[in-house]
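Right, one structure below, let's go through it.
The values are calculated or read from the model by the stated rules, or taken from the named source; none is laboratory data. All values reported here derive from a predicted model rather than from experimental measurement. Note that each Cβ is placed from the backbone with ideal geometry, even for glycine, and that neighbours are counted across all protein chains shown.
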Amino acid sequence: MRKKQLEIILQRVLEDFHPKKAYYEQYSTPPTIAADMLFIAMEDIIGKKVADLGCGNGILGIGAKLLGAEKVFCVDIDERAIETAKKNARKLGVDIEFYNTDVEDFCISVDTVIQNPPFGCQVRNADRKFLRKAVEVGNVVYSLHRSETVEFIKKFCMEVLSAEAEEIKMYKFPIKREFEFHRDDVRMYNVSLIRIRRF
């Protein structure tokens, strides 16, 4: 499968869920970014066990399975997100294990974690528990974060998680008007894909 094919599948087939909760910073990963992330991570996906932490509608986990992951686990605390992700997986005929739980309670070891965690704008340091869990259960992690926090993420991984973090690519990430405090129909943010490996 080519990247554009995957992008089209993710764009046309996957449903999103509403209403969303500002507390969880439930901003969906755009199909263009999701497909690009997955192709960057491809060698760590094909034939591997993959976890999508904070999966939302399942876009990263389902995409990983379509690219040839051996096993995929999708984890989200929001029941509506999990139900939507299950529906999307059924549409595409992919076999995924779903866990409706806080990421802190997910304890299955995997080869690769691929995630778009909260940026920590609504709840300070909300991304840290995702980073901790990702490094705990995964050998390699691909994670999206606000670009302005990259240096902090690198330091946090080095000093707290005993892991090395590398910025791979920056994206223009659109966040659409979803909550009452949003002022613009769409606002673009610089978001970086970070690859993390334990020492």
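Keeping to the range 115-152, report how many residues are modelled with pLDDT of 90 or more, charged (D, E, K, R) and not in a helix (DSSP H, G or I).
Residues in the range 115-152 being modelled with pLDDT of 90 or more, charged (D, E, K, R) and not in a helix (DSSP H, G or I): 1 in total.
Could you please find all residues in the range 60-81 being β-branched (Val, Ile, Thr) and at pLDDT 95 or above?
Quick first cut of the range 60-81, residues β-branched (Val, Ile, Thr) only: 62, 72, 75, 77.
Listed by number, the residues that qualify are Ile62, Val72, Val75.
May I ask you to list the residues in the range 74-94 that are over 14 Å from Leu14 (Cβ atoms), surrounded by 22 or more Cβ atoms within 10 Å (Cβ to Cβ) and not aliphatic (A, V, I, L, M)?
Answer for the range 74-94, where residues must be over 14 Å from Leu14 (Cβ atoms), surrounded by 22 or more Cβ atoms within 10 Å (Cβ to Cβ) and not aliphatic (A, V, I, L, M): just Asp76.
Let me confirm something: among Thr84, Thr112, which residue is closer than 21 Å to Ile46 by Cβ and hydroxyl-bearing (Ser, Thr, Tyr)?
Going through Thr84, Thr112 in turn, just one is closer than 21 Å to Ile46 by Cβ and hydroxyl-bearing (Ser, Thr, Tyr): Thr112.
Please specify each residue of the range 153-177 satisfying the condition of being within 19 Å of Thr29 (Cβ to Cβ) and in a strand (DSSP E or B). Outline the logic, then answer.
Narrowing the range 153-177 to residues within 19 Å of Thr29 (Cβ to Cβ): 153, 167-177.
Answer for the range 153-177, where residues must be within 19 Å of Thr29 (Cβ to Cβ) and in a strand (DSSP E or B): Glu167, Ile168, Lys169, Met170, Tyr171, Lys172, Phe173, Pro174, Ile175, Lys176.
Among the listed residues Glu159, Glu178, Glu97, which satisfies the condition of being surrounded by fewer than 17 Cβ atoms within 10 Å (Cβ to Cβ), modelled with pLDDT of 95 or more and touching a Lys or Arg at 6+ places or on another chain (Cβ under 9 Å)?
Selected residue: Glu97, the only one of Glu159, Glu178, Glu97 that is surrounded by fewer than 17 Cβ atoms within 10 Å (Cβ to Cβ), modelled with pLDDT of 95 or more and touching a Lys or Arg at 6+ places or on another chain (Cβ under 9 Å).
Yes/no per residue for (1) touching a helix residue (DSSP H, G or I) at 6+ places or on another chain (Cβ under 8 Å); (2) in contact (Cβ under 8 Å) with a residue 12 or more places away in the chain; (3) among the aromatic types (Phe, Trp, Tyr):
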residue	(1), (2), (3)
Asp105	no, no, no
Ile108	yes, yes, no
Arg124	no, no, no
Gly138	no, yes, no
Ser147	no, yes, no
Glu151	no, no, no
Leu161	yes, yes, no
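Out of everything in the range 162-172 that is of a type in the set (D, E, K, R) and farther than 21 Å from Lys48 by Cβ, what residue ends up being modelled with the highest pLDDT?
Taking the candidates together, the pick is Glu167.
With a cut-off of at least 1 residues that are under 29 Å from Met188 (Cβ atoms), name the strands (runs of 3 or more DSSP E) lying wholly within the range 1-108. Spell out how you get there, then give the answer.
Details: elements: 49-53, 71-76, 97-100.
Per the criteria, 49-53, 71-76.
Looking only at residues that are in a strand (DSSP E or B) and over 21 Å from Cys55 (Cα atoms) in the range 181-199, which one is modelled with the lowest pLDDT? First the steps, then the outcome.
At the first step, the residues of the range 181-199 found to be in a strand (DSSP E or B) are 186-198.
Going one step further and asking which of them are over 21 Å from Cys55 (Cα atoms), we end up with 186-188, 198.
Working: Val186: 71, Arg187: 76, Met188: 88, Arg198: 90.
Residue satisfying both the conditions and the ranking: Val186.
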